[in-house]
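See below for the structure under consideration.
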Amino acid sequence: MASPTSVYTAEPAYPILAHSLLAKPESTTTNTGDSVDEVVQNHDWNLKDDWDTGIQANKSGIFRCGAVIGFSRLRSRSKDTDEYIGQIPRYLLTSHLLRSPPSSEPSTFIIYPSNFDALAPRILLNALQSATERPGLSKTEALRYLETVQLLPVQNFPNAAQAIGKVSESLQELQETRQNAPAEPTQPVMLIVVGLDTLVEGVIRASNPVRGTALLAATLRNLTRMARAYTSWLSIILINTSGLGPAHFESHYPPDSNSTKNLGDEDGRPPGDDGIHSIFQTPGSVLLSTLLMKTLDQGIDTHILLSDVKATQVAEVIKDRVGTGLGKWGIWSSKR
């Protein structure tokens with residue numbers, strides 16, 4: 001894969017193994033209460049089964065290899081915190097690490113602004129040790145999994161674009177290594193990119209919206225090419241930190257299967273919204289209200305929106321370009 005355009009002159013930080021940033025033992029105390037009861041179990045619309053299954057090569061899954069998966073929050077109905085937007089991606093990452101035996105191969109690449117805390121090594125260590133799949137995982141065992149995670153902290157959009165190019169080179173090397181050892185089982189690899197939407201705002205402020213969105217579109221195309229090049233084992237997750245909207249919701253709308261409408265319904269859809277809206281949304285409101293938001297969404301295959309409904313965090317699929325997940329949703333609890 002070709003590296004991003006050479007117009008960038010700033011260099012991103014060198015990759016850091018996550019376990020190397022842990023200088024001393026941390027508390028493993030986490031919430032272990034029961035999760036929020038699901039509205040209905042074992043229904044095709046329920047997103048819970050997908051995030052429990054996690055990253056997979058199966059094309060029918062939401063979190064599948066070969067696709068760019070985006071997580072966004074709703075500005076008007078969500079908390080503006082790293083933890084809010086990072087919980088489900090961290091859960092997917094933890095499950096992915098525990099299902100991939102520690103090896104010399106990298107299992108995960110994380111490109112993130114250095115001030116994004118939800119995927120910090122300490123938090124990942126606690127998440128691994130408290131994971132229900134491996135109760136009682138020791139710190140030493142958890143560190144073995146973290147040794148396969150490469151962190152690439154960045155300060156600005158050019159840094160992020162160059163870091164993506166470096167990961168592309170690493171993936172090409174990994175592909176060649178795997179081709180020379182076909183007997184070895186092919187383990188999925190995750191690439192998590194945090195805050196491209198927020199970082200590109202710096203380019204817009206320094207230049208103009210057209211240049212910023214053009215650079216964002218070029219970077220998203222690079223990610224799409226990477227997903228398609230390694231479609232059987234690479235999963236790419238974008239964590240968008242600036243939020244979608246504005247949008248307006250009915251305050252009495254409960255998160256329940258009988259009160260939501262199918263996302264395929266045309267009734268009440270405002271013209272020009274590209275069919276991207278929430279199932280809890282008041283007709284007439286638009287999620288992709290700016291050129292930046294529309295450009296971001298165009299580079300995403302499966303778009304998942306996080307919002308609060310009656311103080312309950314809900315994740316819903318507002319777009320599924322290459323699958324059949326459009327309209328699926330689920331109640332998320334941090335007590336997992």
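The values are calculated or read from the model by the stated rules, or taken from the named source; none is laboratory data. The shown structure was predicted, so the numbers you read here are calculated from the model rather than taken from an experiment. So basically every Cβ, Gly included, is an ideal-geometry build from the backbone, and we count neighbours across all protein chains shown.
One table, with the values for the structure above:
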{"read-out": "Residue check, Y84 assigned to a helix (DSSP H, G or I) and touching a residue at least 60 places away in the same chain (Cβ under 8 Å)", "value": "yes"}
{"read-out": "Qualifying residue in region 116-128 (condition: closer than 26 Å to Q313 by Cα, assigned to a loop (DSSP other than H, G, I, E, B) and among the aromatic types (F, W, Y))", "value": "yes"}
{"read-out": "Residue within region 290-303 that is part of a strand (DSSP E or B) and among the hydrophobic types (A, V, I, L, M, F, W, C) present", "value": "no"}
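For (1) of a type in the set (F, W, Y); (2) touching an Asp or Glu at 6+ places or on another chain (Cβ under 7 Å); (3) at pLDDT below 90, each residue gets a yes or a no:
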residue: H303; (1), (2), (3): no, yes, no
residue: T312; (1), (2), (3): no, no, yes
residue: V317; (1), (2), (3): no, no, no
residue: D320; (1), (2), (3): no, no, no
